[in-house]
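S.K.: I'd like to ask you about the structure that follows.
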Amino acid sequence: MTRILAISDPGSLSAALAVLRSGKPVALPTETVYGLAADATDPAAITSIYETKGRPRFNPLIAHVADIEMAKAHVRFSPLAEQLAEAFWPGPLTLVLPLSDSNQIHPLATAGLGTAAIRMPEGFARELIAGFGKPLAAPSANRSGRVSPTTAQHVADDLGGRIELILDGGRCRVGVESTILAVNGSQLQLLRPGGIPVEMIEEVTGQIVKRSTPLAGTAALIAPGMLASHYAPDAAVRLNVSEVNPGEALIKFGAFQLKGEDRAKAVMNLSPSGDLREAAANLFDMLKKADATGADAIAVAPVPEHGLGEAINDRLKRAAAPRD
Ligand code: TXA
Ligand code: MG
C-alpha cells in the first residue's frame, strides 16, 4: 500500500525520515517535478530507486543537498561554480562538478563517473535533506521513459503500490526538470535545458554556455540520461502543427485559432496569454491529459525557443522522438 501524506501534515517530515532511515525511497515534491528520493550514500537505497523506476544503471542520479556546506563535502567548487550556486540555489539548477576525495556519494549514484550532478532544491525537499543530514539521490518519480510527474496523483498513477510513501506538496511551481550544467574550470556546458533559462546563466556569469547536441549523439554520452526517446506518452506526438487532424488531441500555446481545431478530440492550452512559465508548469500535466483521451496522436502548436521555451521544446522533442 502506498500512503499519500500532505506536506502540511505535521507528521509528514518525520514519516518521510522514517522511510529514508529504513533505506527505502520516498516520493517528494520539489519546485521542478516530483522526485523519488533515497540516501545517496547507501548502495541498497540507490538500487531500490533504480528498481522502482526500471531505470538503466548507467544513467546516474542527481544528489540533492540542503546547503552549500553539504555540497562541498562531496564535490569541488571552482569560483565559477560557487558563483552559480550563490545566484541560483536553492532552485532548478544542477551543477556537474568533480567529486572530492572524501566524498560519500556512492558510485552507484554517479554510475562510476568522476563527477556528480548536484543541486539544492527549495522548500520541503530541502528541509527533509537537512533533517536527514545526508544528500538524497532523486530522479523524477516516474517509471523510466515516462512523462515526469508534477502532482502527487501523477506519482501515484505511475508508482502506486511500488513505494511506501508519497509526500503531496500540490502542483510543482516550475514544472520542468532542473537545468543541468557541467562546470569545467571556467567553461560552462549545457547538458539539459531546464527550469533556469540559459540566458539567465549567461547574464549572471558573463560567460557563454556551450550547448551540446540536443538529441542523441554526444549529449547521450555526456549526460547518459538524455536518451532521445524519453517522456514518451502512448500516443504519437506531432510538433509545430498549424493544422489539426481529425481525432487528434491538441495542445495549444497562445491565443491563436488553429485550422481544424473544431475537429480535435480535446483542446488544451499551455498558456492562453503566451507566458512560458505558465506553459512549463502545465506541460507534463497536459501531455498526460492529452494521452488519457485515448487519441492516436497529440498535436502540439509551436512554442517559442527563448527562455523556458528551450526546456519545453526539448521535452516535446523527446516526447515526439521515435520509440525504441
Ligand atoms: O529537476 C530535477 O532535476 C529532478 C528533481 C527530482 O530534482 N530530477 C531529475 O533527475 O530530473 P533525473 O534522474 O531524471 O535526471 C538526472 C540527469 C540524467 O540525465 C543524468 O544522466 C544526469 O542528470 N547526470 C547525473 N549525474 C551526472 C554526471 N555526473 N554527469 C553528467 N550527467 C549526469
Ligand atoms: Mg526523469
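S.K.: I'd like to check something: does region 198-218 contain any residue that is away from ligand 2 (no atom under 16 Å from the Cβ), of a type in the set (D, E, K, R) and at pLDDT below 95?
M.R.: Checking region 198-218: at least one residue is away from ligand 2 (no atom under 16 Å from the Cβ), of a type in the set (D, E, K, R) and at pLDDT below 95.
S.K.: Next question, about the same structure. Does D9 satisfy being within 22 Å of the chain's Cα centre (by Cα) and open to solvent by 10 Å² or more (accessible area, probe 1.4 Å)?
M.R.: Values: within 22 Å of the chain's Cα centre (by Cα): no; open to solvent by 10 Å² or more (accessible area, probe 1.4 Å): yes.
The answer is no for D9.
S.K.: What are the residues in region 62-77 that are within 16 Å of ligand 2 (Cβ to nearest atom) and open to solvent by less than 10 Å² (accessible area, probe 1.4 Å), if any? Spell out how you get there, then give the answer.
M.R.: Filtering region 62-77 down to residues within 16 Å of ligand 2 (Cβ to nearest atom) leaves 62-64.
Listed by number, the list holds a single entry, A63.
S.K.: With R162, R173 as the choices, which residue is more than 20 Å from P43 (Cα to Cα) and of a type in the set (K, R)?
M.R.: None of the others qualify; the one that does is R173.
S.K.: A further question on this structure: Within region 143-171, how many residues are surrounded by 19 or more Cβ atoms within 10 Å (Cβ to Cβ), within 16 Å of ligand 2 (Cβ to nearest atom) and not β-branched (V, I, T)?
M.R.: Of the residues in region 143-171, 6 are surrounded by 19 or more Cβ atoms within 10 Å (Cβ to Cβ), within 16 Å of ligand 2 (Cβ to nearest atom) and not β-branched (V, I, T).
S.K.: Pairs needed: first member in region 114-127, over 13 Å from T94 (Cα atoms); second member anywhere, within 16 Å of ligand 2 (Cβ to nearest atom) and outside any loop (DSSP other than H, G, I, E, B); C-beta distance under 9 Å; at least 6 residues apart or different chains.
M.R.: So the pair list comes out as F124/L28; A125/L28; A125/G35; A125/A37; A125/H64; A125/L136; R126/H64.
S.K.: Could you check region 45-75 and list, in sequence order, the residues that are basic (K, R) and within 13 Å of ligand 1 (Cβ to nearest atom)?
M.R.: Within region 45-75, K53, R55, R57 qualify.
The values are calculated or read from the model by the stated rules, or taken from the named source; none is laboratory data. Quick caveat, the model's predicted, so the values are computed rather than measured. Positions of Cβ are backbone-derived with ideal geometry, glycine not excepted, and every protein chain shown enters the neighbour counts. When the accessible area is computed, the model is the full protein with side chains, heavy atoms only, and any ligands, DNA or RNA have been set aside. Shrake-Rupley method; radii C 1.70, N 1.55, O 1.52, S 1.80 Å.
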